[in-house]
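Heads up, the thing below is written out as structure tokens.
The values are calculated or read from the model by the stated rules, or taken from the named source; none is laboratory data. If you're wondering where the values come from, they're calculated on a predicted model, not measured in any experiment. Glycine gets a Cβ as well: all are built from the backbone with ideal geometry, and neighbour counts include every protein chain shown.
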Amino acid sequence: MGDPQDKQFEEAKARYLIPGGSVERDRLRVQHEWIKGTAGGLIKAPLDLTARGMKVLDSATADGFWIHDVRLILPEETEYVGFDIATELFPPPETLPPTVSLVPQSVTESFPPAWEGSFDLVNQRLLFAFFQRQEINQIVKRLVACLKPGGWIQFFEYDHYTMVTDPQATTYMLFYKFAEQKVRNLNVKSDILAALKDAGCENIQSQCLEMVAGNAHADREQGMRGRRVSRVLFHSFGSLVKLEDVGLSEDRRPGLAGELERDMDMYKTGVAGNFIWAQKKRT
């Protein structure tokens, strides 16, 4: 008889549309740098970066690379916990520093009691498009409960409704149609903001930034990162969609990859990203 937790994790993984493996690890690393470059750093919340004895929680940590990177900024003794259901992405435990632990945990299940009121910062990126409003509300409350009074929580999610791409880039624009077919929630920003308010947070802030992919980016390296992420996501989402459902013939499919590259060469292409942060009340 299988482990009930394994069954729960497999059911949770069924939400996600992007396959794992080495290609996904590479995409996550490149995407991490693309997001970081867009935001101008890793921490949007006005956390005291010099504070001693901090604890940081990274929700849906994947391969833990956000933790790996933020360790180079915060004081050396800062402790980190990352959790995910995709434990196959975790690096070998023996390679982790003593201040870092990565553990199997789903956002949809109760957290360990020891986490309650324990963290100065909670970080989460690119998860809520797979959840409905009520689920987001519950997850945000669960994450906020992990914060110390006065602690900060931050989120990053793509923005479906803020247009970055030139309408002439018709193949790149298929991203939006693919999302409408397969993504569960296109109103993530408003749902997160509402959930933070319901959780009793204060100093709720958000910032929407353009994430340009391809030749139109002023920073060539950032443009290449965006190009690579776009290429993988376009293939992953596009492979799940019947082209007739987005107004195209299946005869177009073999040429879409080349058309996508031409769009990123010739036009402004990309997506918008929402950075959201808030503070748990001190009392």
Quiz item: Of all residues in the range 187-241, how many are closer than 17 Å to K141 by Cβ and not hydroxyl-bearing (S, T, Y)?
Solution: 14
Exercise. Report yes if K280 is buried (at least 18 other Cβ atoms within 10 Å of the Cβ) and within 17 Å of M163 (Cα to Cα), otherwise no.
Key: no
Quiz prompt | Long-range neighbours under 6 Å by Cβ, at least six apart or interchain, first residue farther than 15 Å from F175 by Cβ within the range 212-228, second part of a helix (DSSP H, G or I) | solution = N215/D265; H217/G223; Q222/G37; R225/V30; R225/E33; R225/W34
Quiz item: Across the range 97-134, what is the number of residues that are free of Cβ contacts under 8 Å to residues at least 12 places away in the same chain and more than 22 Å from A179 (Cα to Cα)?
Solution: 4
Practice problem: Being touching a helix residue (DSSP H, G or I) at 6+ places or on another chain (Cβ under 7 Å) and either assigned to a helix (DSSP H, G or I) or hydroxyl-bearing (S, T, Y) (or both) narrows it down to one of T165, T108, so name that one. | Solution: T108
Quiz item: Has the range 86-95 got any residue that is surrounded by 13 or more Cβ atoms within 10 Å (Cβ to Cβ), small (G, A, S) and either touching a Leu at 6+ places or on another chain (Cβ under 9 Å) or modelled with pLDDT of 95 or more (or both)?
Solution: no
Exercise. State the number of residues belonging to the range 61-85 that are crowded, with 17+ Cβ neighbours inside 10 Å, of a type in the set (A, V, I, L, M) and either more than 18 Å from the chain's Cα centre (by Cα) or more than 15 Å from Q154 (Cβ to Cβ) (or both).
Key: 4
Practice problem: Go through the range 126-170 and give me each residue that's of a type in the set (S, T, Y), farther than 27 Å from L47 by Cα and surrounded by fewer than 23 Cβ atoms within 10 Å (Cβ to Cβ). | Solution: Y161, T162, T170
Quiz item: Scanning for something touching a strand residue (DSSP E or B) at 6+ places or on another chain (Cβ under 7 Å) and either small (G, A, S) or modelled with pLDDT under 95 (or both), does the range 64-85 turn up at least one residue?
Solution: yes
